[in-house]
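Take a look at the structure set out below.
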Amino acid sequence: MDFLRRLYNILFSSPATKVETPIRFGLLGASKIAPNAIIGPAKTHPEVRIVGVAARDAERARVYARRYGIERVFGGYQELIDDPDIDAVYIPLPNGLHYEWALKALKAGKHVLLEKPSTSNATEANSLFRHEVLQQAKPPVILEAFHVLFHPAWQTFLSCLDPKNIVSAYSIFHVPRGILPNSDIRFQYDLSGGTLMDLGTYKVLDLRQIFGTEPEECLEATPRMMPKGYDQKCDHAMTAKWRFPNGGVGTIDCDLSARGAAGLPKFTMPLCKVVHKELVIEDAGLGHAEGREHVMVKTVTILNPMFPTFWHRIDIEEQHTIRTIKDKKIVRTWTHKEHKKAYTWEEGNGGPRSGEKSWSTYRHQLEQFVNRVKGREGSGCWMSGEDSIKQMEMVDSAYKKAGLPLRPTSTYH
Ligand SMILES: NC(=O)C1=CN([C@@H]2O[C@H](COP(=O)(O)OP(=O)(O)OC[C@H]3O[C@@H](n4cnc5c(N)ncnc54)[C@H](OP(=O)(O)O)[C@@H]3O)[C@@H](O)[C@H]2O)C=CC1
Ligand SMILES: O=C1OC[C@@H](O)[C@H](O)[C@H]1O
């Protein structure tokens, strides 16, 4: 029942009355993702209007504008960026074009909401996020659009972890075979494609946030390359492992063409599972009988971190053991399980933060983007430029380990 109510509110949320001077957004490209990522969220945001769309082909932009009720059409990306009526741009272009168009937009003084991955590699990320245009007194805002981190479900999950005691973290995101054609932009090396660049970047972010720090080394990276006849520099799937400074190991598993028995499309629930090291519990009761100790291992799992507004669950499992200290003979074991959900901040890890149950991860993200542009404090959830650089360093480390070329660096300056 709760699920149906949420679904109804997600699909039919009423449009907001707009303020007199909203942030005027332009879209680069008539992209597939913009309706979910910004056009829909903007409808319920009183301070945002989507005023223009640019496409390489003006007719394509016209059709898109008509379909989504966008006032203005631009015959090219630069034309939109140069328009004084545009305050901010959303960039959902193929990965290989992110760097160039983000920099062009920043140079024109526009705020930038930039799709993930921010750039093709760490070299580009360095040049973009440390560019002089961002060193001025009041620089434009730029955000790599890792929408998931803005949702209370993800933040609540993080607050259940004890980063320094994490032994292992596992993060999986598979898309069943057949959803994306092998000709998709995600599988073209020249456009900086690859599954690690696409789904993998979410998983890389998961590990960075779970451990709360950067990895020391990529231990393994195993791609499954595109089938014969397609781009042989692109990974269709990737698993990779990193060691973090506390000795813990983080593993990612991403697949944009997941198959099961007989090669049929396979669905796997996206999740992150975190196992902590065994801790001795100093309790006055059970564990303190002469010669015995009470130990506990905590495992925290979030199911469906990607689309938590529809449904998610956070499972906290504590495995308790009473055993003899000398020879570790088990006297008693039991498991304590707790399930959490956080469709709102109140349900989750608290705080007077804004949001409604029906807000998607993208709507939460837009709220914080606007807060930054307006110079307000906001929820505290953010992805800094330095964070985006670290992201790409970690992605590059896996491509290097796999023996694959880094995605190509743009020649734009
Ligand atoms: N945040 C999220 O949940 C998601 C993020 N993404 C990210 O958004 C970006 C776009 O993804 P998606 O919307 O699926 O992509 P699309 O296939 O819809 O492509 C986006 C736009 O890229 C433009 N484009 C420019 N140059 C090229 C070219 N050489 N070949 C093909 N297209 C080109 C097209 O613009 P034009 O209209 O001008 O022709 C097209 O509209 C990617 O970076 C992806 O990682 C994607 C899905 C989900
Ligand atoms: O960002 C994304 O999220 C959802 C995926 O299905 C898609 O491939 C990816 O680009």
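In segment 66-79, the qualifying residues are those that are of a type outside the set (Val, Ile, Thr) and crowded, with 22+ Cβ neighbours inside 10 Å, and the one that is farthest from ligand 2 (Cβ to nearest atom) is Phe74.
Could we say that Met197 is crowded, with 23+ Cβ neighbours inside 10 Å, aliphatic (A, V, I, L, M), away from ligand 2 (no atom under 13 Å from the Cβ) and under 22 Å from Thr268 (Cβ atoms) here? The answer is no for Met197. Taken as a whole, the condition of being surrounded by 15 or more Cβ atoms within 10 Å (Cβ to Cβ), in contact (Cβ under 8 Å) with a residue 40 or more places away in the chain, within 14 Å of Asn165 (Cβ to Cβ) and β-branched (Val, Ile, Thr) does not apply to Val297. Taken as a whole, the structure places Leu404 among residues that are within 25 Å of Asp206 (Cβ to Cβ), in a loop (DSSP other than H, G, I, E, B) and modelled with pLDDT of 95 or more.
Glu347 - would you say it is under 18 Å from Pro308 (Cα atoms), acidic (Asp, Glu), crowded, with 21+ Cβ neighbours inside 10 Å and in contact (Cβ under 8 Å) with a residue 40 or more places away in the chain? Considered against the rule, which asks whether it is under 18 Å from Pro308 (Cα atoms), acidic (Asp, Glu), crowded, with 21+ Cβ neighbours inside 10 Å and in contact (Cβ under 8 Å) with a residue 40 or more places away in the chain, Glu347 comes out as no. Looking at Trp345, Trp334, Trp382, just one residue is in the same structural domain as Cys234 (by TED's automatic domain parsing), aromatic (Phe, Trp, Tyr) and touching a Lys or Arg at 6+ places or on another chain (Cβ under 8 Å), and that residue is Trp345.
Quick check on Leu205: is it aliphatic (A, V, I, L, M), closer than 24 Å to Asn95 by Cα and within 16 Å of the chain's Cα centre (by Cα)? Yes; evaluated as a whole, the condition is true for this residue.
When you look at Val167, is it surrounded by fewer than 19 Cβ atoms within 10 Å (Cβ to Cβ) and of a type in the set (A, V, I, L, M, F, W, C), yes or no? The answer is yes for Val167.
Of the residues examined, Ile86 is not one that is over 21 Å from Trp359 (Cβ atoms), more than 11 Å from ligand 1 (Cβ to nearest atom) and part of a helix (DSSP H, G or I).
Please go through segment 19-49 and give me each residue that is more than 11 Å from ligand 1 (Cβ to nearest atom) and farther than 18 Å from Lys374 by Cα, ordered by number. Hits for segment 19-49 are Ile39, Gly40, Lys43. The condition of being modelled with pLDDT of 95 or more, within 16 Å of ligand 2 (Cβ to nearest atom) and in the same structural domain as Glu115 (by TED's automatic domain parsing) holds for only one of Lys32, Lys43, Lys18, that being Lys32. Could you go through segment 120-140 and let me know if any residue there is within 30 Å of Gly355 (Cα to Cα), within 16 Å of ligand 2 (Cβ to nearest atom) and either in contact with a Cys (Cβ under 6 Å, 6 or more places away or on another chain) or modelled with pLDDT of 95 or more (or both). So far as segment 120-140 goes, no, none of its residues is within 30 Å of Gly355 (Cα to Cα), within 16 Å of ligand 2 (Cβ to nearest atom) and either in contact with a Cys (Cβ under 6 Å, 6 or more places away or on another chain) or modelled with pLDDT of 95 or more (or both). Scanning segment 80-105 for residues that are more than 16 Å from ligand 2 (Cβ to nearest atom) and touching a His at 6+ places or on another chain (Cβ under 7 Å) yields a count of 3. Considering only residues in segment 350-386 that are under 23 Å from Ser13 (Cβ atoms) and polar (S, T, N, Q), the one that is surrounded by the fewest Cβ atoms within 10 Å (Cβ to Cβ) turns out to be Ser354. Only residues that are assigned to a loop (DSSP other than H, G, I, E, B) and either away from ligand 2 (no atom under 15 Å from the Cβ) or farther than 22 Å from Gly194 by Cα (or both): list them for segment 106-118, please. Result: Ala108, Gly109, Lys110.
Inside segment 19-29, residues that are out of contact with any strand residue (DSSP E or B) (no Cβ under 6 Å at 6 or more places or on another chain) and over 19 Å from Asp198 (Cβ atoms) make up a count of 3.
The values are calculated or read from the model by the stated rules, or taken from the named source; none is laboratory data. Computed from a predicted structure; not experimentally measured. Positions of Cβ are generated from backbone atoms using ideal geometry, with glycine treated the same way; all protein chains shown enter the neighbour counts.
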